[in-house]
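The structure under discussion appears below in the form of structure tokens.
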Amino acid sequence: MLKDFLKEVVVIVAGKQAEEIAGLLDNKKHVNEFLIAKKMEITINQTRNILYKISDHGLVSFIRKKDKKKGWYTYFWKIEVLKSLEFLKEILVKNINQIEHQIKSREAKRFYICERCNIEFNEENALLHNFTCDDCGDLFVIKDNSKVLRDFDRNLNKLKKELELVEKDIQEEQEKIDKKKEREFKKEQKEKAEAKKKAKEKLVKKTPKKSVVKKEKTKKTLRKKATKKKLVKKTSNKKKTKSVKKKK
Ligand SMILES: [Zn+2]
């Protein structure tokens, strides 16, 4: 079903002749545009034109790689399934609204017809013509809308069913994306935790040697500093006491 929807989207934005491309594009890995051109039996420029049209709606994405020898870029394309489905949903909703509007109009207004010429008039125009056909002079009769309404109803039901399926696919696709994000998040957390653990293990292995050296150093410097401080304090104390004595 999803494949049919993607085909429908491609036909809407790039025309019937582009339909095949929907089946050649993947939603997980990017496909080389030369491969697409070969499979569709069209030129690379024709292929790119189709892809650009789809890309204008954001329904495909690409990465490019430079050919080191030739110096040009090759594009690799991927179809954006969720965006394509949402695009289709929007169109279906629009079409459904249009048909519903037409049904209401048919049900609310009367239409007249000249049966001989098969020309249709709405009520206002029929009145202007005095309910008489200009061409043949026949009197108009009220048009039986039941067949038209039946056709509208049939079309409406078809679109509504499709919309339901598209919405279901959108939900599934969304769930897939959410799950993938969750998996990636968990993987990232796990990797972070492992990196932390490894860093700790390294620290534990290295610390005994380093800490011994550090301790020795710090002890020595501390002692030096301490003796210096003591000396300074002693002298300053002496001076203070002397000055105090003098004042007395
Ligand atoms: Zn007529």
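For the pair Lys161 and Lys68, label points projected 7 Å from Cα toward Cβ lie 5.6 nm apart. Computed over the range 143-208, the convex hull of the alpha-carbon atoms projects to a mean area of 4.8 nm². Here the Kirkwood formula, the inverse mean of 1/r across different C-alpha pairs, assigns the range 58-105 a hydrodynamic radius of 13.8 Å.
Quick one: net charge of Cys133's neighbours, Cβ under 11 Å, K/R +1, D/E -1? Mind dumping the intermediate values first?
Values: positive: Arg116; negative: Glu115, Asp134, Asp135, Asp138.
Computed value for this residue: -3.
Counted residue by residue at 0.36 nm each, then reduced by the alpha carbon distance between them, the extension gain from Asn130 to Arg183 reaches 11.8 nm. A full extension of the chain between Lys206 and Lys78 corresponds to an added length of 41.2 nm, given 0.36 nm per residue minus the alpha carbon distance.
Over all pairs of distinct alpha carbons, what does the Kirkwood formula give as the hydrodynamic radius of the range 2-79, in Å?
12.6 Å
Separation of the alpha carbons by more than 28 angstrom is noted, of Lys53/Lys168; Lys3/Lys66; Lys68/Lys176, for Lys3/Lys66; Lys68/Lys176.
Cα extents for the range 84-194 along the principal axes, largest to smallest and rounded to whole angstrom: 92, 21, 20. Under the simplified labelling scheme, the Glu90-Lys38 pair shows an inter-label distance of 3.5 nm, with each label point 7 Å from Cα along Cα→Cβ. Residues His101, His129 in ascending order of nearby Cβ atoms (within 10 Å, fewest first): His101, His129.
Bear in mind these aren't lab numbers, they're just calculated from the coordinates by the rules spelled out. The shown structure was predicted, so the numbers you read here are calculated from the model rather than taken from an experiment. Note that we place each Cβ from the backbone using ideal geometry, even for glycine, and neighbour counts take in every protein chain shown.
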